[in-house]
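Asks: Take this structure, written in structure tokens, and hold onto it; I'll ask about it next.
The values are calculated or read from the model by the stated rules, or taken from the named source; none is laboratory data. What you see is a predicted model; the values in this text were computed from it and never measured. Please note: Cβ atoms are built from the backbone with ideal geometry, for glycine as well, and neighbour counts cover all protein chains shown. The accessibility values were calculated without ligands, DNA or RNA, using every heavy atom of the protein model including side chains. Shrake-Rupley method; radii C 1.70, N 1.55, O 1.52, S 1.80 Å.
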Amino acid sequence: MDRSIHEFDKLPEVEQGKKSAVAPAARAAGVGNAHESPSGKIGVIYNPRSHRNKGQDLDCANNERVLLAVPETRPDIGKAIADFAEAGISYLIINGGDGTVRDVLTSAVPIYGDDMPPIAVLPKGKTNALNVDIGSPKDWNIGDAIKAFDKGDAGRRITRRPLQITTLDGTSAPVRGFILGAGAFTLGTKTGQDAHNLGFFNSLAVGATGVWGMLQALFGSDSNPWRRGVEMGLLLKPAGTPVPHAGFGDRARRAIVLSSTLRRMPMGIKLYGPERDGLKLAVLDAPRRRVLAAVPMILAGWQSPWMAKNGYHQVDAEAYELEIGDQFILDGEVFPPGRYCVSQGPELTFVTE
């Protein structure tokens, strides 16, 4: 739950089924215990460390339908979700950024399985890529999210399936999120933290990081970490077919991989071409200058056989195996090298307005 980039030495274990002090926490915040209501009980995960939550009071005080949890650690999230499930909530509100969403889904899916309640996400983090995709109002608060839920079928609902990342040896619990990146993307995310420290957030931070990475890739030497790529194997499942490699640079390395189940990406970029559902990959074999010169057209959704011939691949997949010799990023935080299966998690329903 820290706001600096956390580096995991393994996929985190998920603690399930343990009770937490959600009800006492709610009473302390002036919310009161939830009880039966025509519109159902509501669970709120509130991350006070999220960028836009700092110094702001909760606006759900005295709402008797609400169970409030303010977890301090990732295991605390699992305990809170277990309490929500035991209380029979009908609606889950996540108050935080992309990292908070990742941690909540990682803990909640094992508890709820395919029966997750509808979810609202309040865009309170430094980056809120999921909200860009599903279209939740930028100024949403908890009260607004409750009103949207109470509209029932008259409200707007959007379904998405998160990425699900599992170690191939089965030693760690699956982690779930929406944007996975590796290679130069890992460098870019770490550079983006510096952009945050300078006061750039959301799409502005993405833009500042992208410009810096482009300059490094265009003018850096082959030993520059932005150019040399990362040892990586990508096999499409179920057939085990390798993702194509155009042969430029080291065939065992890739310069960048970006994978997501989102339809729309921040800043309107269209790395995968036309908007669509499903698990998608954008893979750059090597930072050839002719490809980098075409980046503006690629970001605008341009598709051509020329791109694959020159080492830029847009791939749809049911699932894929990732064997990587360096760290990768999932929704803003760093995970270790290793062998993973990347697939789609269960379908989730998001309340957006």
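Asks: Which pairs do you get when a residue that is under 16 Å from residue 319 (Cβ atoms), found in the stretch 335-350, comes within reach of a residue that is crowded, with 20+ Cβ neighbours inside 10 Å and basic (Lys, Arg), reach meaning Cβ atoms under 8 angstrom, with the pair 6+ apart or on two chains?
Replies: Listed by first residue and then by second, the contacts come to 345/176.
Asks: If you go through the stretch 272-281 one residue at a time, do you hit one that is among the basic types (Lys, Arg) and open to solvent by less than 10 Å² (accessible area, probe 1.4 Å)? Before you say what the answer is, go through the steps one by one.
Replies: Start the filter on the stretch 272-281 by keeping residues that are among the basic types (Lys, Arg), which leaves 276, 280.
Next, only the ones that are open to solvent by less than 10 Å² (accessible area, probe 1.4 Å) stay: 280.
Yes.
Asks: Residues being touching a Gly at 6+ places or on another chain (Cβ under 7 Å) and open to solvent by less than 20 Å² (accessible area, probe 1.4 Å): count how many of those fall in the stretch 287-300.
Replies: Going through the stretch 287-300 one residue at a time, the tally reaches 1.
Asks: Still on this structure, please answer the following. Before we move on, is residue 251 over 30 Å from residue 159 (Cβ atoms), basic (Lys, Arg) and either touching a strand residue (DSSP E or B) at 6+ places or on another chain (Cβ under 8 Å) or surrounded by fewer than 19 Cβ atoms within 10 Å (Cβ to Cβ) (or both)? It would help to see each step written out before you state the result.
Replies: Numbers: over 30 Å from residue 159 (Cβ atoms): yes; basic (Lys, Arg): yes; either touching a strand residue (DSSP E or B) at 6+ places or on another chain (Cβ under 8 Å) or surrounded by fewer than 19 Cβ atoms within 10 Å (Cβ to Cβ) (or both): yes.
When the stated conditions are applied, residue 251 passes them.
Asks: Restricting to the stretch 313-340, count the residues that are open to solvent by less than 20 Å² (accessible area, probe 1.4 Å) and over 20 Å from the mean Cα position of the chain (by Cα).
Replies: So the count comes out to 1.
Asks: Let me ask another. Return yes or no: is residue 173 in a loop (DSSP other than H, G, I, E, B), of a type in the set (A, V, I, L, M, F, W, C) and under 21 Å from residue 260 (Cα atoms)?
Replies: Yes.
Asks: Return a yes/no flag: does the stretch 54-71 have any residue that is at pLDDT 90 or above, open to solvent by less than 10 Å² (accessible area, probe 1.4 Å), under 24 Å from residue 132 (Cβ atoms) and out of contact with any Gly (no Cβ under 6 Å at 6 or more places or on another chain).
Replies: No - not one qualifying residue is present in the stretch 54-71.
Asks: Is it true that some residue in the stretch 94-103 is of a type in the set (A, V, I, L, M, F, W, C), touching a residue at least 24 places away in the same chain (Cβ under 8 Å) and not in a helix (DSSP H, G or I)?
Replies: yes
Asks: Further, regarding this structure: Determine whether the stretch 161-182 contains at least one residue that is over 25 Å from residue 322 (Cα atoms), surrounded by fewer than 21 Cβ atoms within 10 Å (Cβ to Cβ) and at pLDDT below 90.
Replies: Scanning the stretch 161-182, I find no residue that is over 25 Å from residue 322 (Cα atoms), surrounded by fewer than 21 Cβ atoms within 10 Å (Cβ to Cβ) and at pLDDT below 90, so the answer is no.
Asks: Then there is this: Going through the stretch 228-248 one residue at a time, which ones are open to solvent by less than 60 Å² (accessible area, probe 1.4 Å) and part of a loop (DSSP other than H, G, I, E, B)? Spell out the reasoning first.
Replies: If we filter the stretch 228-248 for residues that are open to solvent by less than 60 Å² (accessible area, probe 1.4 Å), which is where we start, we get 229-230, 232-234, 236, 240, 243, 245-247.
If the condition is that a residue be open to solvent by less than 60 Å² (accessible area, probe 1.4 Å) and part of a loop (DSSP other than H, G, I, E, B), then 229, 240, 243, 245, 246, 247 are the ones that fit.
Asks: A further question follows. Take the stretch 341-353 and flag every residue that is open to solvent by less than 10 Å² (accessible area, probe 1.4 Å), in a strand (DSSP E or B) and within 12 Å of residue 175 (Cβ to Cβ). I'd like the intermediate steps shown before the answer.
Replies: Taking the stretch 341-353 as the starting set, the residues that turn out to be open to solvent by less than 10 Å² (accessible area, probe 1.4 Å) are 342, 345, 348, 350-352.
Next cut, in a strand (DSSP E or B) only: 342, 348, 350-351.
Matches in the stretch 341-353: 342 only.
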